[in-house]
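Accompanying notes for the structure given below.
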Amino acid sequence: MKVIHDLNEIYAQLDFVRCDSKRIGLVPTMGALHEGHLSLVRRAKQDCDVVVATIFVNPTQFGPNEDLSKYPRTLESDMASLRLAECDFVFVPASDQIYRKEHSTYVDPPSVSTRWEGELRPGHFRGVATIVLKLFQLIPAHVAYFGRKDYQQVAVIRSMVDDLNVPIRIETCPTVREADGLAMSSRNRYLSEQDRPRALGLWRALCKAQSSLNAGIQSVAELEAAMHSELLAAQVDYVDYATIVHPDTLEPMMQVGESAVALIAAKVGSTRLIDNMTLLPPIQRSNEGSN
Ligand code: AMP
């Protein structure tokens, strides 16, 4: 596995690989890797000849009161995990390489960024869209892999790629969960022993939405109320949103028809968690299981 810090070198190395007609898969991350990240690397290994992971804690996607300085940095164990997953290249740039002193150009994110995370974290998706587009320019990959765990983020990236004609395919991979259902996240390490069982409230609320739908409830207001009561019962500290929206536009809906997605953001202790589940009509749900 080659570890590269320099942006000219990563482009040069991969341009060479690409000229050799090899397919390149890209897995962007902020490090503090867990099985969720590694599942993306494994999936990329299946599809592509050469896999590049990036580790960069992107400052422009953090708000002034967010956890940029506290964000976990575990570079040594990240490298060991990527080596085990047989990743071919790891790109670990320094912040001043990515954002030169004069940096002043940002991507104005698409309309799907407006609600939910976009509303609660002003500037977040502007930072995400900007870093992802930069990585797409620096790394001439054929396919980029993202986790469904960050549902709105993938929607933003897909929309950006379509709008700006970026020549890359976006693959979305299923959310990897702990045995009890908690979605893996770099931030889970901040959950205290008391927080950990309460954090499961998000998964329980998502399952409640699906089971209520299975029981014939299609009114979004009722399904959202069921999610909120599950979150309350689990004693999560604060619910930013627990909502059911159109799976493509992320706009609110009145009734669940063909398909919908349930999105939750909630605080447990001082840790903010997000999770989601694609809600399918009962017959489809028994055949699929791609959350
Ligand atoms: P992050 O390091 O949090 O920016 O995440 C890097 C990538 O890993 C993003 O595409 C995330 O959606 C994805 N990811 C994070 N957690 C999970 C998970 N539990 N399952 C699958 N993918 C994940």
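So that you can scan it fast, the table gives a plain yes or no per residue for (1) open to solvent by less than 80 Å² (accessible area, probe 1.4 Å); (2) among the aliphatic types (A, V, I, L, M); (3) in a loop (DSSP other than H, G, I, E, B):
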position	(1), (2), (3)
Val161	yes, yes, no
Glu171	yes, no, no
Asn188	yes, no, no
Glu193	no, no, yes
Arg196	yes, no, no
What is the one condition in (1) in contact with a Gly (Cβ under 8 Å, 6 or more places away or on another chain); (2) in a strand (DSSP E or B) that Ile264 does not satisfy? (1)
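For every residue, the table says whether it meets (1) near the ligand (Cβ under 9 Å from one of its atoms); (2) assigned by TED's automatic domain parsing to the domain that holds Glu119; (3) under 21 Å from Ile131 (Cβ atoms); (4) not acidic (Asp, Glu).
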| residue | (1), (2), (3), (4) |
| --- | --- |
| Tyr11 | no, yes, yes, yes |
| Thr29 | yes, yes, yes, yes |
| Lys45 | no, yes, no, yes |
| Val57 | yes, yes, yes, yes |
| Phe62 | no, yes, yes, yes |
| Lys70 | no, yes, yes, yes |
| Arg73 | no, yes, yes, yes |
| Asp78 | no, yes, yes, no |
Do any residues in region 98-112 that are not assigned by TED's automatic domain parsing to the domain that holds Glu251 have Cβ atoms under 6 Å from those of residues that are assigned to a loop (DSSP other than H, G, I, E, B), where the two are at least six apart or on different chains, and which pairs are they? Val112/Leu250
Taking the residues in region 67-118 that are among the acidic types (Asp, Glu) and either open to solvent by 50 Å² or more (accessible area, probe 1.4 Å) or within 20 Å of the chain's Cα centre (by Cα) (or both) as candidates, determine which candidate is nearest to Leu14 (Cα to Cα). Glu86
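Suppose the filter is touching a His at 6+ places or on another chain (Cβ under 7 Å) and either in the same structural domain as Thr271 (by TED's automatic domain parsing) or over 22 Å from Arg187 (Cβ atoms) (or both); does Pro93 pass it? Don't jump to the end; show me each part of the working.
Numbers: touching a His at 6+ places or on another chain (Cβ under 7 Å): yes; either in the same structural domain as Thr271 (by TED's automatic domain parsing) or over 22 Å from Arg187 (Cβ atoms) (or both): yes.
Taking the combined requirement at face value, the residue satisfies it.
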Checking Ala155 against (1) closer than 27 Å to Val245 by Cα; (2) part of a loop (DSSP other than H, G, I, E, B): exactly one of these is not met. Which one? (2)
I'd like to check something: does region 207-224 contain any residue that is out of contact with any helix residue (DSSP H, G or I) (no Cβ under 9 Å at 6 or more places or on another chain), buried (at least 19 other Cβ atoms within 10 Å of the Cβ) and of a type in the set (A, V, I, L, M)? yes
Asp248 meets each of (1) open to solvent by 70 Å² or more (accessible area, probe 1.4 Å); (2) of a type outside the set (A, V, I, L, M); (3) not in a loop (DSSP other than H, G, I, E, B) with one exception, condition (3)
Can you tell me which condition Val176 does not meet? The list is (1) within 22 Å of Tyr71 (Cα to Cα); (2) of a type in the set (Val, Ile, Thr); (3) more than 10 Å from the ligand (Cβ to nearest atom), and all the others hold. (3)
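Quick test for you: out of Asp163, Asp96, pick the one residue that is out of contact with any strand residue (DSSP E or B) (no Cβ under 7 Å at 6 or more places or on another chain), away from the ligand (no atom under 16 Å from the Cβ) and closer than 29 Å to Met277 by Cα. Can you show your working first?
Details: Asp96 fails: closer than 29 Å to Met277 by Cα.
Within the list Asp163, Asp96, the selection yields Asp163.
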Within region 119-126, does at least one residue satisfy the condition of being open to solvent by less than 20 Å² (accessible area, probe 1.4 Å), on the phi < 0 side of the Ramachandran plot and within 16 Å of the ligand (Cβ to nearest atom)? yes
Would you check which residues across region 136-145 are open to solvent by 10 Å² or more (accessible area, probe 1.4 Å) and either among the basic types (Lys, Arg) or closer than 20 Å to Pro93 by Cα (or both) and list them? Phe136, Gln137, Leu138, Pro140
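The values are calculated or read from the model by the stated rules, or taken from the named source; none is laboratory data. None of these values were measured; they are calculated from a predicted model. Every residue, glycine as well, gets a Cβ built from its backbone with ideal geometry; the counts of neighbours run over all protein chains shown. These accessible areas exclude ligands, DNA and RNA; they are computed on the full protein's heavy atoms, side chains included. Shrake-Rupley method; radii C 1.70, N 1.55, O 1.52, S 1.80 Å.
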